[in-house]
Amino acid sequence: MKRIFLSLAVAAAVLVGCQDNEKNVELAQEQIIDMSDFYVHTDADQSRGVSESCHSMRVLNRQLKENPELYKKMYDVEYATRKFIAAKGKPGNGGGNNGGGSEPTPDNLGVINIPVYVHVVYSNSNENISDAQIASQISVLNEDFRKQNSDVSNAPAEFAPLAADSEITFSLAGTFRYASSTTSWGTNDAVKATYPPVTPETHLNVWVCNIGGGILGYAQFPGGNLATDGVVCAPQFFGKTGYVQAPFNKGRTMTHEVGHYLNLRHIWGDGRCKQDDFVADTPSSDGPNYGCPTYPTVNCRTNDMTMNYMDYVDDACMYMFSEGQKSRMRAIFQSGGARASMIN
Ligand SMILES: [Zn+2]
């Protein structure tokens, strides 16, 4: 989804010139941060009978209500992200050998590796998933975030050029197993309070436990409380071998949730056409897609990028992040960014 005035604001800043436009970029970006975009717009959801398999936005809304300071932090993260992306798109800004041409400025971080701690919290033997199931999930994350997944070749011509290698990898740093009598943990972060994250400044913490309510998973966005930082995923939707359940049995729930953890929004912006996902190259839509949509699926007068990991389609029918999403994810690792502490 995109807002046309976002593109226009950036373009206007770019046209000012190479030397003295930093201030203009900042002003343009500041003007377009609308904090109402940080809330789920339930009127659209209810009218469409939307069911929510991912509760990341609901959890964010709860955290914003509970903690007024988070509001400012989220604003600052958003501001820094948009400033980075706007500067990245400026012609002739760095890059060394493009002669001042229009090549976007790459960041200099190269491939970013994220070490992962997995907390398996189980109330029965099925939920005590195997090491092989955990390994399969790490493999899926590495394939999807490096565009090494074979199904990306299914992308239609309209979207194939936008499919991105995010240059982010994942390595399993450790697995913790906890037997518990709790059979359903919900989304109030009780599992994190009971089994706290380990060094969340430098590691992605993942809790694999039954959530209940038909919820596959939820993530915390960058900028939130470190004590609750990470991703929660139900065991039957984690990995692609062992105790897994179709049609979410290819590890893409975690690809989606880690997308949130790295600051991506749902591709329809959690509202109607005008609601934004803060990414310029993803088309507007007014709600999630489900199942395995045929192409083209038209909403808001454009073809939906239904195959994007940040939609709600079946695992077998999502297979790409866009270049705009890549820039947004990588922005939080830049110097001063919300997850810069993970770079060492
Ligand atoms: Zn989600």
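Laboratory data are not the source of any read-out in this text; all were calculated from the coordinates shown. Note that this is a predicted model, so its numbers are computed, not measured. No Cβ is skipped: glycine too gets one built from the backbone with ideal geometry, and neighbour counts run over all protein chains shown.
Give, as a single signed number, the net charge of other residues whose beta carbon lies under 10 Å from the beta carbon of Asn249, with Lys and Arg counted +1 and Asp and Glu -1. Local net charge: +1.
Cβ crowding within 10 Å ranks Phe38, Phe278 as Phe38, Phe278, fewest other Cβ atoms first.
With 10 angstrom as the radius, rank Met307, Met254 by how many other C-beta atoms surround their C-beta, starting from the fewest.
Working: Met307 24, Met254 27.
The order, fewest Cβ neighbours first, is Met307, Met254.
Given a cut-off of 22 Å, name the pairs among Lys83/Lys326; Lys73/Lys147; Lys72/Lys192; Lys147/Lys240 whose C-alpha atoms lie farther apart than that in the structure shown. Pairs exceeding the cut-off: Lys73/Lys147; Lys72/Lys192. Counting charges near Leu109 (Lys, Arg +1; Asp, Glu -1) among other residues having Cβ under 10 Å from its Cβ returns a value of -1. Fewest-first ordering of Val111, Val232 by other beta carbons within 10 Å of each residue's beta carbon gives Val111, Val232.
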